[in-house]
Structures are given as structure tokens and as C-alpha cells.
Amino acid sequence: MRIPPKYTQALAVTVLGAATVFTVVVLVFIIVFVLSKGLPGINWEFLFSAPKDMGRAGGIFPTLVGTVLLPLMAIAIALPLGVGTAVYLTEYTRETRLTQVLRFGTDCLAGIPSILFGLFGFIFFVVMLKMGWCLLSGGLTLAIMVLPTIIRTSEEAIRAVPNSYREVSFSLGATRWETVLKVVLPNALPGIVTGVMLGIGRSIGETAAVIFTAGSALRMPASAFDSVRTMSVHFYILAREGISNEKAYATAAVLIISVLLVNLAAYSTMHRFIARRSR
Amino acid sequence: MNLNGEKIAKYALMTVAFSAVASLLLIAVFIFKEGLPFMFKVGLRDFLFASDWDPMAGKYGIYPMIVASLWVTLGAMLIGAPLGVAGAIFLNEFVPKPVMRVVKPTIELLAGIPSVVFGFLGVMVLAPWIRATMGGPGLSVLAASVILGIMVLPTVISISTDAIGAVPNSYREGALALGATRWQSVYMVTIKAARSGIIASIILAMGRALGETMAVIMVAGNTVKIPHSVTDPVRTLTANIALEMANATGMAREALFATGVVLFVVIMILNGIALSTIKGRVRRK
């Protein structure tokens, strides 16, 4: 017996719609739940004072500093490498076997789980190069982790710069490098910024790769060779060792708000970029 | 002089362009260098297919962890793949464009929720519920699967939506002109045309579920035992690495890198399949 198409249509719409609504509700619930439990615990003192008694009392200031410094260091290292790669792939070479290999390598790097970055960072930076658990080890590890994101978004942004811009620049006698520096990159900047933001967002939320490379010392870092604890790591330790659920929720709320703000900034930059391009 | 600068810029950029590939190789070399010799020292059989993990006693069987990773990943896919693909189809085909333009970025934004937060919610909300309704310790295969299933939703939806959106409208119009209902045109034409992209999204999500560490440590229970039911606690490959890394030295540390080698190889195979499915589609176009 065949069910009339009219009914399968109605059934399909109901089932698919229910699945979609369920997905959105679950994801939104997670955010609302954490914020509702965590927001009451957030105040000036929580944000800007040092933790006491392993985090049972006091605030999260040193981890806030770590959460700012570590992603910035990662970006400072990954940005020139990523943008350089993107410029080379788009402006300096044609599609060859070599570019295929470079792209494949980038895609594979993007798929590696963070725990393997942690393992690598630990054995290479911390142990072999004798840097120890520190800001720099963590920054270098995260830099490798966010490199694919920066390469991809920069490449897309550079490709979106109209060819006529380059032709005008060449016709004025500019060399390729001058064109890249003065015409292509300024016009691709919003797209590149999007990639940077996404990279920062990912670094803020990362735990596995950070805990084995930057360590988890709960004090203010004085130099790049000091261990730092980011908010993610702090939250993980609070929750996992059952130190304080109240502080854990408050930390999670700060963490979620920062990641969402950074990602929101990334998407709005991208949208403005696309809107301007399509005008 | 000027031309010299051009040359320097070109070669500098070319060198920089190898940074991603070089990093990938470096990671592979170091993980294999630490892990492979160990595998052969212990013997592949006693490493991959033995069930006792007790580094203090010199026993390094990771078979229970392999089974656990498999169960948890498959469980996550059973939850995440149908929900994600259904969401992608619905958003593309049955919802007005402005709605989709709001919902899709929202879902992608949620991809940024840190994994530790997912894990924490698993501990606070999901595990107690499982303990109360199904028995067992709560921290279990099921809890890990549900949490990972939710975590991979943005990946599945985002990539599947792009794949379905890339199907030319003329395909749909052709089906509708032949008298098909909207749903018939979706499952007879659109899904078939977007198949490779949808499959790629699922495989990439699988890689993400398999590689996830912190959320899994928090909700899976971490007992080294082959699971017999979905309410049993388990320890995955990734959890094994992260849990023992802090204290491991010597052979025990090498064992963790060997676990990393297994993970690396499986993930690379999954990525390879996903990337070649996407590439195949591009070539066909």
C-alpha cells in the first residue's frame, strides 16, 4: 500500500521541523542554563580579584589575564604565517601539484584533535626545547592549531578582492609585492579580521591543548616563560575536582559570554564585508 | 634593487606557505617517534588487542579504550547525524530564507561553546537524569554519546546546509514541474545531488567526536572496562591520554603517545575520506 504523497509531505515537514526546533532549543537551553546559574556570581570583585583557596573563593583575575594573553600570542605567531600562506597561494602561484599539497596539509591540520596538539606541544616545546609549561609553549601550540582557520579565511578574503584593483595597480607601475601590500591586503582586511576573531574564539575555549603546554599555575604571569591558567582550564579544574560549583558556573558564564562576543564580532565583520563586496 | 626586494618577498612567502604542512609533519613525526617504538616493544597484539591497562604492572592493553571510543563515537553519530541532516534539510527547503539567515548563524555561533561547558552540563544535568531513570552510575557511554551528539550538531548542520544550498534550483524546479511534492523533490533529487557533502559533514563530525577529550573525560566515567550496556562507564582513547599525561613517565608516557598514534591514524583516514568525497563532488560539477 502506498501512502499518498500529500501525507508523506506533511509527515516529513513535521518530523524535520521537530528535529530542527529540538536542535535550536537544546543549544539555546545550554547557554541560558549556564548564564542563569552563573550570572548571579559575576561581579566586579569576581572579575578583578585573585582566586583564594584554589578557586573556592575570590575571583578569576589571573585566569582572565591568561585568557587574553594566550590567544593574543597564538594570533601574533599564526597571523603572519597564515596571511603569508594565503598571499602565496592566491597571488604568487598557479594551481599546481604543490598548491594541492599545501591545501591538503592545511585541511588535515584542521582536522587534528586538540589532544594531539597538546601531546605534540608537550613533547616538542615543553620537553625537547626545554621551555617548560609556559605562555610561549601554549601560544606556539595554539598558533599551529588556529593556523588552518587563518589561512582559509584569509585566502577567501584575498580571492574576493576584484581583479580590476590589481590591474589598476600594475598599470600604475606597481610591482606584485607593492600591489599585495597596498591594494590587496587592505581590501581583504575585514575577511582576515574574521579569521583572527574565529581563531581567538577557538583559543579561548580550548582546554586539552592548553593544559599540557601552558600548564595551570594560578598566579599572574610575569613573563612569556611563566605558566598561565586560562579560564577554560580554570573552569575545567573547578568542575572536575569539585572545588566549587558556584564558582564554576560563574566562570563558565564569563567564558561563554567572551566566546560568543568574539564570534559575534567575527560574523558581523564578515557580513559587512560581504555586503560591501556585493554592492 | 627593487626587483631584488620582489624576489625576497616571493621566496619569503613561499617559505611561509609551508608552515601548515611543516607543522603537520612535525606533529606526526614527534607523536610517531615517541609512540611507534613502544608499540613494537610491547607488541601490536599486546597493545591493541589486550584488555588489561595497568602501566604500573607493565600491562598496556588499550582494547577496552578502542571499543569505548567506537561506541561513544557511533552513539554520538546516531544522535547528531539524523538531527543535524534533518535540520539542514528543513532550513534549506522548508523555511523562508530570512528565517534561515537568522537560524544558521545562530547555530554556527553555538559551535563556539567551549567543550568543557558541554561536559559540565553533562555532569550536572544529564548524568543524574540517566542515573535516576536507567540506573548505573550515570556517567556512561550514553551520557558521552548524547553530549558529543549535541556538540557535533553545528558541524553537521553547517556543512550539510552548504552542500544542499549548492544544489542548483533548476533540479528542484524540474522535480516540482513533474508533479512531485516538495518532500518528494527533496528526497528524490536534492538529497541525492547533495549526498557527498552530507556524507562529508558526517565523517568530519565523526572525527570531531572521536577526538573530543575534555567533555568526554567529564561525562564518560573513565573506567577501563569493555562496556556491556550503554549505561556502563567507559574510558576513551582521548580520555586515556589526557588523564594519565600529568603523571606518566618512561614507558607509561610512551604508551600514551602510542595511543596518540592510533588516534592520529584513524583521524587521518577519516579526514582523507571526507576531503576526497568533497573533492570528488567539485570535480563532477
Candidate set from the range A:40-49 (those that are touching a residue at least 40 places away in the same chain (Cβ under 8 Å) and surrounded by 14 or more Cβ atoms within 10 Å (Cβ to Cβ)); member that is farthest from residue A:249 (Cα to Cα):
A:46
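Any residue in the range B:53-68 that is facing another protein chain (nearest Cβ under 8 Å), surrounded by 18 or more Cβ atoms within 10 Å (Cβ to Cβ) and assigned to a helix (DSSP H, G or I)? Write out each step before concluding.
Let us first name the residues in the range B:53-68 that are facing another protein chain (nearest Cβ under 8 Å), namely none.
Checking the range B:53-68: not a single residue is facing another protein chain (nearest Cβ under 8 Å), surrounded by 18 or more Cβ atoms within 10 Å (Cβ to Cβ) and assigned to a helix (DSSP H, G or I).
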Could you list all residues from the range A:92-118 that are more than 8 Å from chain B (Cβ to nearest Cβ) and assigned to a helix (DSSP H, G or I)?
A:97, A:98, A:99, A:100, A:103, A:110
Residues of the range A:122-138 being under 24 Å from residue B:249 (Cβ atoms) and more than 9 Å from chain B (Cβ to nearest Cβ), in sequence order, are A:125, A:126, A:127, A:129, A:130, A:131, A:132, A:133, A:134, A:136, A:137, A:138
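Among the listed residues A:213, A:149, A:141, identify the single one that is within 20 Å of residue B:23 (Cα to Cα), within 12 Å of chain B (Cβ to nearest Cβ) and not in a helix (DSSP H, G or I). Write out each step before concluding.
Numbers: A:149 fails: not in a helix (DSSP H, G or I); A:141 fails: not in a helix (DSSP H, G or I).
Of A:213, A:149, A:141, the one residue that is within 20 Å of residue B:23 (Cα to Cα), within 12 Å of chain B (Cβ to nearest Cβ) and not in a helix (DSSP H, G or I) is A:213.
Working carefully through the options A:125, A:120, find the one that is more than 30 Å from residue B:200 (Cα to Cα) and either surrounded by 21 or more Cβ atoms within 10 Å (Cβ to Cβ) or modelled with pLDDT of 95 or more (or both). Steps first, answer last, please.
Details: A:120 fails: more than 30 Å from residue B:200 (Cα to Cα).
Exactly one of A:125, A:120 is more than 30 Å from residue B:200 (Cα to Cα) and either surrounded by 21 or more Cβ atoms within 10 Å (Cβ to Cβ) or modelled with pLDDT of 95 or more (or both), namely A:125.
What tally of residues in the range B:6-52 results from selecting those that are over 24 Å from residue A:155 (Cβ atoms) and in contact with a helix residue (DSSP H, G or I) (Cβ under 7 Å, 6 or more places away or on another chain)? Don't jump to the end; show me each part of the working.
Start the filter on the range B:6-52 by keeping residues that are over 24 Å from residue A:155 (Cβ atoms), which leaves B:29-52.
From what's left, in contact with a helix residue (DSSP H, G or I) (Cβ under 7 Å, 6 or more places away or on another chain): B:30-32, B:34-36, B:38-39, B:47-51.
Adding up the residues that qualify gives 13.
Can you tell me which of B:6, B:34 is assigned to a helix (DSSP H, G or I), of a type in the set (D, E, K, R) and under 23 Å from residue A:112 (Cβ atoms)? Please lay out each step first, then the result.
Numbers: B:6 fails: under 23 Å from residue A:112 (Cβ atoms).
Testing whether each residue is assigned to a helix (DSSP H, G or I), of a type in the set (D, E, K, R) and under 23 Å from residue A:112 (Cβ atoms) leaves just B:34.
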Conditions (1) surrounded by fewer than 16 Cβ atoms within 10 Å (Cβ to Cβ); (2) free of Cβ contacts under 8 Å to residues at least 40 places away in the same chain; number of the one not met by residue B:181
(1)
For residue A:186, indicate whether it is more than 10 Å from chain B (Cβ to nearest Cβ), without any contact (Cβ under 8 Å) to a residue 12 or more places away in the chain and assigned to a helix (DSSP H, G or I).
yes
Sole residue being free of Cβ contacts under 8 Å to residues at least 60 places away in the same chain and part of a helix (DSSP H, G or I), chosen from B:117, B:123:
B:117
Looking at the structure I just gave you, is residue B:149 at negative phi, in a helix (DSSP H, G or I) and either out of contact with any Cys (no Cβ under 8 Å at 6 or more places or on another chain) or facing chain A (nearest Cβ under 10 Å) (or both)?
yes
What is the number of the single condition among (1) among the aliphatic types (A, V, I, L, M); (2) assigned to a helix (DSSP H, G or I); (3) more than 24 Å from the chain's Cα centre (by Cα) that residue B:50 does not meet?
(2)
Anything in the range B:242-267 that is surrounded by fewer than 21 Cβ atoms within 10 Å (Cβ to Cβ), away from every other protein chain (no Cβ under 11 Å) and small (Gly, Ala, Ser)? List them, or say none.
B:250, B:252
Give the range A:226-279 a look and list any residue that's more than 10 Å from chain B (Cβ to nearest Cβ), charged (D, E, K, R) and either surrounded by fewer than 21 Cβ atoms within 10 Å (Cβ to Cβ) or under 18 Å from residue A:215 (Cβ atoms) (or both), or say none.
A:226, A:229, A:241, A:246, A:272, A:276, A:277, A:279
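The values are calculated or read from the model by the stated rules, or taken from the named source; none is laboratory data. In this text, all values refer to a predicted model and were calculated from it rather than measured experimentally. A quick note on method: Cβ atoms are made from the backbone with ideal geometry, for glycine too, and the neighbour counts reach across all protein chains shown.
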